[in-house]
Amino acid sequence: MARITAGVASSHIPALGVASDFDKTAEPYWAPAFAGYEWTKHWEAEQKPDVVILVYNDHASAFDMKIIPTFAIGCAESYRPADEGWGPRKVPVVEGHPDLAWHIAQSLILDEFDMTIINEMDVDHGLTVPLSMMFGKPEAWPCKVIPLAVNVVTYPPPSGNRCWALGEAIARAVASYDEDLNVQVWGTGGMSHQLQGPRAGLINAAWDNDFLDGLVGDSDRLRYIPHIEYLRETGSEGIEMVMWLIMRGALGPATRVLHRHYHVPASNTAVGHIVLEPV
C-alpha cells in the first residue's frame, strides 16, 4: 500500500526562486536562508519519494476572482510553470500522478470534503519555489507531484481545524491506495509577513518559532488557532500557515522533528522550514 513517510513545510517566498534562478544563493544576503535547506536536499536524495502531495496557494495565476476554490486538487498529467508577469520560471515541468490524485479526490469527496478537481492549470511560485528549495536545479523534478491548492488569499480561508482534518483524510486516502508508493506531504507558505498597509514588513519571530514547536510531538493545539490570531500576530499573509496544518494532520497523532530552520529576513518575509516524520 502507499504510505506517507514524512512531512515537509517551507516558506515559498518568490524572491527565493529568483535567487535560485539567477545563481545568487551564495551571496551574503541569501546564503543564510539557503544554508538551512542543504540538509534537506541530501535527505531527499536519500529518501527518493515517489510522490509529493504539495499543499500551496495560487497567487492569481490559475485562479482569480472568477473562481475561488477553498480546496482544489490537481489530477492532470503535468503542470507548466506559470507566467507571473515576467515570464515563466525556467524550471522543469511538474509531472503529476493522475491515478493517485483521482483516488485521493474520490476518497476525500466521499469523506465529505468538497474538493474542486483541476485537470489543467499552470503552477506558480507557491508550488515551484519549494521544489527548488528541496531539489535544487535538476533537469527534471525527481518525483511526481500532486498539487493541492488552498484559498488563503480571499476571505474566508479555511480554518486551521478544517485543514488539519483534511490532512487526516488525505492520510486515509493514501493508505487505501493499492500501490507501493513512498509519499510525502508538503505544506508551504508563510511564515509571518505582511505585504501592504501600515504594518508592511511585519515579522514575528517568537510566534513563528512557537508555531514550529507546535508541529512536533503529540499536541494538536495549532489546529485551534483562530484567523484573527494569525492576522494580529503574523500579518495579513501569515494565514498561509494553515496550509502547514494539512501536512501535520496527514502525519497522524504524533511526530518527531528531523530538521528545522528559521531565518529572517528574506525579502520581507520570515523563512521557516521543518522536516517531520510520523511516530
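The values are calculated or read from the model by the stated rules, or taken from the named source; none is laboratory data. Remember, predicted model here, so these are calculated numbers, not experimental data. Positions of Cβ are backbone-derived with ideal geometry, glycine not excepted, and every protein chain shown enters the neighbour counts. Note: areas computed on protein heavy atoms with side chains; ligands, DNA, RNA excluded. Shrake-Rupley method; radii C 1.70, N 1.55, O 1.52, S 1.80 Å.
Tabulated data for the structure shown
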read-out	value
Cβ pairs under 7 Å, 6+ apart, first in the range 175-193 and hydrophobic (A, V, I, L, M, F, W, C), second open to solvent by 10 Å² or more (accessible area, probe 1.4 Å) and at pLDDT below 95	ALA175/MET1
Test: THR40 is surrounded by 14 or more Cβ atoms within 10 Å (Cβ to Cβ), touching a His at 6+ places or on another chain (Cβ under 9 Å) and closer than 19 Å to MET243 by Cβ	yes
Number of the condition not met by LEU222 [criteria: (1) surrounded by 15 or more Cβ atoms within 10 Å (Cβ to Cβ); (2) without any contact (Cβ under 8 Å) to a residue 60 or more places away in the chain; (3) closer than 25 Å to TYR155 by Cα]	(2)
Total residues in the range 252-266, condition buried (at least 17 other Cβ atoms within 10 Å of the Cβ) and not in a strand (DSSP E or B)	0
Residues being among the polar types (S, T, N, Q), closer than 25 Å to ALA270 by Cα and not in a loop (DSSP other than H, G, I, E, B) - total across the range 162-199	2
Residue check for GLY197: free of Cβ contacts under 8 Å to residues at least 40 places away in the same chain, out of contact with any Lys or Arg (no Cβ under 9 Å at 6 or more places or on another chain) and at positive phi	yes
Residue in the range 14-33 that is surrounded by 18 or more Cβ atoms within 10 Å (Cβ to Cβ) and closer than 19 Å to LYS144 by Cβ present	no
Complete set of residues in the range 229-244 that are part of a loop (DSSP other than H, G, I, E, B) and open to solvent by 10 Å² or more (accessible area, probe 1.4 Å)	SER236, GLU237
Criterion (crowded, with 19+ Cβ neighbours inside 10 Å and out of contact with any helix residue (DSSP H, G or I) (no Cβ under 9 Å at 6 or more places or on another chain)) met by exactly one of LEU54, LEU108, LEU100, LEU127	LEU127
Residue list for the range 161-190, filter: of a type in the set (Gly, Ala, Ser) and in contact with a helix residue (DSSP H, G or I) (Cβ under 9 Å, 6 or more places away or on another chain)	ALA165, GLY167, ALA169, ALA171, ALA173, SER176, GLY187, GLY189, GLY190
